[in-house]
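Please read the structure below before turning to the comments.
The values are calculated or read from the model by the stated rules, or taken from the named source; none is laboratory data. Everything numeric in this text was worked out from a predicted model, so none of it was measured. All accessible areas refer to the heavy atoms of the entire protein, side chains included, with ligands and DNA or RNA removed. Shrake-Rupley method; radii C 1.70, N 1.55, O 1.52, S 1.80 Å.
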Amino acid sequence: MTKSKLKKKRKEQFPSQQFRNLKGSKRERMIAERKAKGLSQGQLGKLIGCSTALISHLEVGRANPNIELSMQLEQVLETPFFELFPDL
């Protein structure tokens with residue numbers, strides 16, 4: 001077989017998958033407040049009951065918090081919601 005026939009077909013991406021890896025604006029204030037408290041992403045996640053990955057996604061803008069999570073972050077970091085998430 002020739003080399004061209006051995007190549008795998010690339011899957012066509014659906015619109016929702018095309019933009020899956022796009023990031024929002026980095027939330028510097030949330031990162032700064034977490035570090036000021038001396039917390040790692042994992043420690044903060046344990047305090048508010050979520051995964052380290054979710055904290056990472058929140059900080060880089062790939063995810064937005066729900067109401068319960070945002071209230072817990074406000075309490076732990078002692079910072080208002082609109083300062084932690086100015087882009088929302």
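Cα gyration tensor of the range 21-88, axes a ≥ b ≥ c as square roots of the eigenvalues: rounded (a/c below 1.5), prolate (a/b > b/c) or oblate?
Numbers: a/c = 1.34, a/b = 1.19, b/c = 1.12.
It comes out rounded by the Cα gyration axes.
Send over a whole-number figure in Å² for the accessible area per residue of the range 21-66, probe 1.4 Å.
Numbers: 2660 Å² over 46 residues.
About 58 Å² of surface per residue is accessible.
Given the Cα-Cα distance of T52 and S40 and 0.36 nm per residue of separation, how much length would full extension add, in nm? Can you show the working numbers first?
On the way: separation 12, 0.36 × 12 = 4.32 nm, distance 0.88 nm.
Residue separation times 0.36 nm, minus the Cα-Cα distance, leaves 3.4 nm.
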